[in-house]
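Working notes, beginning with the structure itself.
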Amino acid sequence: MRLRLPEERPAEPPTGYKIARPVLSQDGTRAGFTGVSLGGTLPYGVLADASCAYGLRHRAPHRRCDCGFHCVHERAVAEGLLCTTEHRGAVLLHVTVLGAYIRFERGFRYARQRVRTATVGPCACGATAVALADAGWGRPGWRGLGAACAGCVRGRTSLSLAAFARLAGEGLRVVAGEGRPADAFGVPELVAEAALLQARLDWFQTQLARLGQGREGGATAQG
């Protein structure tokens, strides 16, 4: 006799937590995330359907496969994953579990999800992040992003937290640490945007000054 898993029909879609890495498309028109383990080569948007990472044609999640999106029930468990060396650059996602799912003791494996909130940790220097900047890694057609403060952005490709949220769409909220959602665009967010622009301007002015000094030195030597 074939055993069947018990079916659940919740009044509201369940929610959970996971970690992921933010990414930006090569042409700068799309923003999304990529997983940190299975399926890490497949970037996904805020609202996305899972597919089998092994290329099999069955629907995810399949009982005899480990495909599908994954999340845990408790925020603290997901935050604990951010302590590991290989996951320090990831962000914390609060997601809504949609479609078919399989419940486990610590979380879900499921077919569809909506990312509700992305919480960005501090910059590598320890300061509060105001942007997501080129992290020096990527996937074909996608640049990996990491948390950055205004002073550490410099000339790297970057998006403010609010700009990343707008580009990702679907009502995504982006939060810096324990701060307020960046897409609220109140005074703190405008100050953060201004600081980011000022940091870029300072970097460009420094580069222009160096170029000017180089040209003056060359002219003196020729004279």
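The values are calculated or read from the model by the stated rules, or taken from the named source; none is laboratory data. Here the structure is a predicted model, which is why all the values come from computation and not from measurement. Methodologically, a virtual Cβ is constructed for each residue, glycine included, from the backbone with ideal geometry; neighbour enumeration extends over all protein chains shown.
Checking each residue in segment 143-163 for being within 19 Å of D202 (Cβ to Cβ), small (G, A, S) and buried (at least 22 other Cβ atoms within 10 Å of the Cβ) picks out A148, A150, S158, S160.
In segment 114-151, the residue that is modelled with the lowest pLDDT out of those that are touching a Leu at 6+ places or on another chain (Cβ under 6 Å) and either in a helix (DSSP H, G or I) or not β-branched (V, I, T) (or both) is A150.
Within 13 Å of the chain's Cα centre (by Cα) and in contact (Cβ under 8 Å) with a residue 24 or more places away in the chain: does that describe F33? When the stated conditions are applied, F33 passes them. Residues in segment 75-99 that are out of contact with any Phe, Trp or Tyr (no Cβ under 7 Å at 6 or more places or on another chain) and of a type in the set (D, E, K, R): E79, E86, R88.
Is it true that some residue in segment 6-25 is in a strand (DSSP E or B), surrounded by 15 or more Cβ atoms within 10 Å (Cβ to Cβ), hydrophobic (A, V, I, L, M, F, W, C) and in contact with a His (Cβ under 8 Å, 6 or more places away or on another chain)? Yes, because at least one residue in segment 6-25 is in a strand (DSSP E or B), surrounded by 15 or more Cβ atoms within 10 Å (Cβ to Cβ), hydrophobic (A, V, I, L, M, F, W, C) and in contact with a His (Cβ under 8 Å, 6 or more places away or on another chain).
Residues in segment 88-99 include at least one that is modelled with pLDDT under 95 and within 18 Å of the chain's Cα centre (by Cα). When you check V120 against the structure, is it out of contact with any helix residue (DSSP H, G or I) (no Cβ under 7 Å at 6 or more places or on another chain), within 17 Å of L132 (Cα to Cα), hydrophobic (A, V, I, L, M, F, W, C) and surrounded by 16 or more Cβ atoms within 10 Å (Cβ to Cβ), yes or no? In short, no.
Candidates are the residues of segment 41-59 that are in contact (Cβ under 8 Å) with a residue 24 or more places away in the chain and part of a loop (DSSP other than H, G, I, E, B); the one that is surrounded by the fewest Cβ atoms within 10 Å (Cβ to Cβ) is T41. Give the residue that is modelled with the lowest pLDDT, with candidates limited to residues of segment 1-31 that are of a type in the set (G, A, S) and on the phi < 0 side of the Ramachandran plot. Per the criteria, the residue is A11. Screening segment 26-40 for residues that are assigned to a loop (DSSP other than H, G, I, E, B) and hydroxyl-bearing (S, T, Y) and picking the one that is farthest from C71 (Cα to Cα) gives T29. Just to be sure, is V77 buried (at least 19 other Cβ atoms within 10 Å of the Cβ), among the β-branched types (V, I, T) and in contact (Cβ under 8 Å) with a residue 12 or more places away in the chain? Here the answer is no, as V77 does not meet what is asked.
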